[in-house]
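One structure below.
The values are calculated or read from the model by the stated rules, or taken from the named source; none is laboratory data. This one's a predicted model, so the numbers in the text were calculated from it and none came from an experiment. A quick note on method: Cβ atoms are made from the backbone with ideal geometry, for glycine too, and the neighbour counts reach across all protein chains shown.
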Amino acid sequence: MPKKHRPRRGSLAFSPRKRAKKPVATIKNYPSAEKPKVMGFAGYKAGMTHIIMVDDVPHSMTEGREIPVPVTVLETPPLKVVGVRIYKYTDYGKKCLAKGKEDGDKVCILLATKPEVVSGVPKKKPELMECLVGGNFKEGLAYAKSLAGKEISVTDVFSEGETVDVAAVSKGKGTEGPVKRWGVMIQPAKALRSSRGRHVGSLGPWHPAHVSWRVPQLGQMGYHQRTEYNKRILKIGADGKEITPNGGFLHYGIVHNSYILLKGSIPGPAKRLIRLRPMIRGAAEKPKVPKITYISTESKQGL
């Protein structure tokens, strides 16, 4: 009989699939900016809902008509600037300069969250993260010093209609077998009657006498840092109660602070800290403010 061929199951692009070191995502790359500005922000994931908006995508089949769009709600209280870091590129990589030196190549600021003002997050200790300051070095350093000790809001960084990238740690699922983790097929009953056959048919040949890392095996699933590109900000609001569904968001509660609505879904469970940066792929265009006609506040608890 002819040999059956099929594509391999499960992508190796993210291997090895290890747990993230911390729940706060790390952003290493940023787009270039001509003027000094903060190149990122962060907020807590509250949940999802849907809106009705006018389709403004050119040449779309529904252009100019109202369409339903799923959105993710992020609660975005102000972030406090608690420090400034100066980096210089050396032959041994990027090096953080000591205090007092003002000759470097890159300027970053340290941002601290305010979880005590978020009712849906049961913690008081703030998360710390590093964010790049755009522009040339001298202008960026002066701008970063002017922000030290102050708070910045989401409207200081992003605007409605802008496209951003989202970085977050995905929902953790613990240790899972190869069937769920890699999507391998379950063997039929006649292949192995003593068990359900939820395992790989073969781990490899006798020689070489080791198991290749390409063989699907059990291990950690979820709780990985992932970056999703080109997510559009559909709305930025100041009062979260206007978008909170009746009874609050599941596993989160009521949004009391400012918020943003992102088109589509993003990684991570409720209460996860989500980091945003300006889009790094594609040509930047002038943001078009979407026309939203309805925001669903129906109960997510089936009431």
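Quick check: anything in segment 209-223 within 30 Å of Ser258 (Cβ to Cβ), touching a residue at least 40 places away in the same chain (Cβ under 8 Å) and of a type outside the set (S, T, N, Q)?
yes
Which residue out of Thr76, Thr49 is within 17 Å of the chain's Cα centre (by Cα) and within 30 Å of Lys291 (Cβ to Cβ)?
Sole residue among the options that is within 17 Å of the chain's Cα centre (by Cα) and within 30 Å of Lys291 (Cβ to Cβ): Thr76.
How many residues does segment 70-109 hold that are of a type in the set (A, V, I, L, M) and not in a strand (DSSP E or B)?
Summing the residues that are of a type in the set (A, V, I, L, M) and not in a strand (DSSP E or B) in segment 70-109 gives 2.
Need the failing condition index for Val71 against (1) outside the structural domain of Pro267 (by TED's automatic domain parsing); (2) in contact with a Leu (Cβ under 6 Å, 6 or more places away or on another chain), just the number.
(1)
For a quick check of your reading of the model, give me the residue pairs whose first member lies in segment 274-298 and is under 16 Å from Val57 (Cα atoms), whose second is among the aliphatic types (A, V, I, L, M) and surrounded by 14 or more Cβ atoms within 10 Å (Cβ to Cβ), with beta-carbon atoms closer than 7 Å and at least 6 apart or on different chains.
Pro290/Met53; Pro290/Leu234; Lys291/Met53; Lys291/Val54; Ile292/Ile51; Ile292/Met53; Ile292/Leu234
Given the criteria modelled with pLDDT under 95, under 27 Å from Ala20 (Cα atoms), hydroxyl-bearing (Ser, Thr, Tyr) and more than 31 Å from the chain's Cα centre (by Cα), does Ser212 qualify? It would help to see each step written out before you state the result.
On the way: modelled with pLDDT under 95: yes; under 27 Å from Ala20 (Cα atoms): yes; hydroxyl-bearing (Ser, Thr, Tyr): yes; more than 31 Å from the chain's Cα centre (by Cα): yes.
Answer is yes for this residue.
From Met48, Met53, Met61, which residue is surrounded by fewer than 17 Cβ atoms within 10 Å (Cβ to Cβ) and either under 29 Å from Ile152 (Cβ atoms) or in the same structural domain as Glu298 (by TED's automatic domain parsing) (or both)?
Numbers: Met48 fails: surrounded by fewer than 17 Cβ atoms within 10 Å (Cβ to Cβ); Met53 fails: surrounded by fewer than 17 Cβ atoms within 10 Å (Cβ to Cβ).
After applying the criteria, what remains is Met61.
Any residue at all in segment 67-83 that's without any contact (Cβ under 8 Å) to a residue 40 or more places away in the chain and among the acidic types (Asp, Glu)?
No, segment 67-83 has no match at all.
Can you find, within segment 2-49, the residue that is farthest from Ala112 (Cα to Cα) among those that are in a loop (DSSP other than H, G, I, E, B) and aromatic (Phe, Trp, Tyr)?
Initially, segment 2-49 is screened for residues in a loop (DSSP other than H, G, I, E, B), giving 2-37, 39-40.
Next, only the ones that are aromatic (Phe, Trp, Tyr) stay: 14, 30.
Details: Phe14: 29, Tyr30: 19 Å.
Restricting to residues being in a loop (DSSP other than H, G, I, E, B) and aromatic (Phe, Trp, Tyr), the top hit is Phe14.
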